[in-house]
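Q: If you scroll down you'll find the structure; I have some questions about it.
The values are calculated or read from the model by the stated rules, or taken from the named source; none is laboratory data. From a predicted model like this one, the values you see are computed outputs, not experimental measurements. Every residue, glycine among them, receives a Cβ derived from its backbone with ideal geometry; neighbour counts consider all protein chains shown.
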Amino acid sequence: MIYTITLNPAIDYVVKLDVLEQGTINRSQGDYKEAGGKGINVSRVLDRLGTTSTALGFIGGFTGKFITNYLEKVGIAHDFVSLQEDTRINVKLKAGNEETEVNGKSPAITEENYESFVNKLRGLTSEDMVVLAGSLPASLPEDTYHSIVTMLNAQGVSVILDTSGSALEQAIKASPAFIKPNNHELADLFSEKIKTDLDIVRLAKRLHVENRIDHVLVSMAKEGAIYVGEAGTFKLSAPTGRAVHSVGAGDSSVAGFLYKWQESNHAEEAAKYAVASGSATAFSKTLCTKDEVEKLLEEVQVTKL
């Protein structure tokens, strides 16, 4: 079974404007609301690709109820821990070709809340896979992902990790099975400047070898991605198209890799599917569909490095 974990979910409130003007009233040209958070997005894309998962994490209040209702409406299972405070709302303003985001403050998570969440993970086994995705709530320590990966590894669970900053720096020490930093996050991780593909390969190999991470997929937006891991080292080209929706593209890549990896146990095919999935979402107004992914798949070319 696949479980996705979103410790810091949100309602994504997307507002479309002709022009965003500061210091005055702006009139919306349209808006919509979605259940958001990186792990939840992974569950949504997995569902569109034809794979079931269960969403875990924390929700609270009327905003949390919106998220559970949304997931139930589209048929995605969930088993969240309920909080006293409301789940946050992230406002995403789209004006012309620009996107501006205002992310809400995370609700507080108590020790009792966190222990209830951890108890849901204790029964997982080597038959399960877990996606840890997104930022950490301010009330949880920076080594939270490290602790979760360590516990799940001891239970034989494969862990897919997609986060950044200090949370990523701490968690890689516990050796998750898969990570997907972008080239900027990879540079920050090692406090180095990346100028060439060889720089990416060198740093990704350190993660693969020194941190014993099976699969490292470094995304590079329109430049594609570089994979370093059990299947060797190679670069994947990105499909051509006009980016209209950046939100969820990285989450779609994670879902695409996991979907194809579980189906084929073939890392190169999984990496190709990851790139096609991320591009399909970027080229769409919302998260990708399976048809959209597979139309782009043949455009993804693999070059051994």
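Q: Within the range 128-186, take every residue that is hydroxyl-bearing (S, T, Y) and within 16 Å of K38 (Cβ to Cβ) and give me the one that is nearest to the chain's Cα centre (by Cα).
A: Residues of the range 128-186 hydroxyl-bearing (S, T, Y): 135, 139, 144-145, 147, 150, 158, 163-164, 166, 175.
Subset that is within 16 Å of K38 (Cβ to Cβ): 135, 144-145, 163-164.
Working: S135: 10, T144: 17, Y145: 14, T163: 7, S164: 10 Å.
Checked the range 128-186; the qualifying residue nearest to the chain's Cα centre (by Cα) is T163.
Q: Filtering the range 28-54 down to residues that are modelled with pLDDT of 95 or more and of a type in the set (A, V, I, L, M), which residue is farthest from V91 (Cα to Cα)?
A: Checked the range 28-54; the qualifying residue farthest from V91 (Cα to Cα) is L49.
Q: Considering only the range 211-241, state which residues are acidic (D, E) and closer than 15 Å to F178 by Cα.
A: Step one: list which residues in the range 211-241 are acidic (D, E), which gives 214, 223, 230.
Once the filter is applied, which keeps residues that are acidic (D, E) and closer than 15 Å to F178 by Cα, the range 211-241 yields D214, E230.
Q: When you scan the range 243-275, how many residues do you find that are farther than 21 Å from D214 by Cα, buried (at least 24 other Cβ atoms within 10 Å of the Cβ) and without any contact (Cβ under 8 Å) to a residue 60 or more places away in the chain?
A: Filtering the range 243-275 down to residues farther than 21 Å from D214 by Cα leaves 243-249.
Filter once more, so that each one left must be buried (at least 24 other Cβ atoms within 10 Å of the Cβ): 248.
This time we only want the ones that are without any contact (Cβ under 8 Å) to a residue 60 or more places away in the chain, so: none.
Residues in the range 243-275 being farther than 21 Å from D214 by Cα, buried (at least 24 other Cβ atoms within 10 Å of the Cβ) and without any contact (Cβ under 8 Å) to a residue 60 or more places away in the chain: 0 in total.
Q: Continuing with the same structure: If the Cβ limit is 8 Å and pairs must be 6+ apart or interchain, which residue in the range 168-184 that is acidic (D, E) pairs with which residue that is in a helix (DSSP H, G or I)?
A: Listed by first residue and then by second, the contacts come to E169/L189.
Q: Restricting to the range 53-63, and then to whatever is outside any strand (DSSP E or B) and surrounded by fewer than 23 Cβ atoms within 10 Å (Cβ to Cβ), can you tell me which residue is nearest to the chain's Cα centre (by Cα)? Before the answer, list the steps.
A: Within the range 53-63, the first condition is being outside any strand (DSSP E or B), and the residues that meet it are 53, 61-63.
The next check asks that each one be surrounded by fewer than 23 Cβ atoms within 10 Å (Cβ to Cβ); those that pass are 61-63.
Values: G61: 24, F62: 24, T63: 21 Å.
The residue in question is T63.
Q: Pairs under 6 Å by beta carbon, first residue among the β-branched types (V, I, T) in the range 37-50, partner assigned to a helix (DSSP H, G or I) and modelled with pLDDT of 95 or more, six or more apart or different chains?
A: Pairs that qualify, where the first residue is among the β-branched types (V, I, T) and the partner is assigned to a helix (DSSP H, G or I) and modelled with pLDDT of 95 or more, are V42/D251; V42/V254; V42/A255; V45/S252; V45/A255.
Q: A further question on this structure: Filter the range 285-305 down to residues that are without any contact (Cβ under 8 Å) to a residue 40 or more places away in the chain, under 26 Å from V201 (Cβ atoms) and not aliphatic (A, V, I, L, M), then give me how many there are.
A: Looking only at that region, the number is 1.
Q: May I pose another question? How about the range 215-242: which of its residues are among the aliphatic types (A, V, I, L, M) and either within 20 Å of K290 (Cβ to Cβ) or crowded, with 23+ Cβ neighbours inside 10 Å (or both)?
A: Keep residues of the range 215-242 that are among the aliphatic types (A, V, I, L, M), which gives 216-218, 220-221, 225-226, 228, 231, 236, 238.
Answer for the range 215-242, where residues must be among the aliphatic types (A, V, I, L, M) and either within 20 Å of K290 (Cβ to Cβ) or crowded, with 23+ Cβ neighbours inside 10 Å (or both): V216, L217, V218, A225, I226, V228, L236, A238.
Q: With the requirement that a residue be surrounded by 12 or more Cβ atoms within 10 Å (Cβ to Cβ) and either in contact with a strand residue (DSSP E or B) (Cβ under 7 Å, 6 or more places away or on another chain) or within 13 Å of I59 (Cβ to Cβ) (or both), what does the range 102-117 give you?
A: N103, G104, S106, P107, I109, N113, S116, F117
Q: Under 6 Å between Cβ atoms, at least 6 apart or on separate chains: pull out the pairs that start in the range 221-233 with a residue that is farther than 13 Å from V209 by Cα and in the same structural domain as D251 (by TED's automatic domain parsing) and end on any residue that is outside any strand (DSSP E or B) and hydroxyl-bearing (S, T, Y).
A: From the range 221-233, the pairs are G224/S237.
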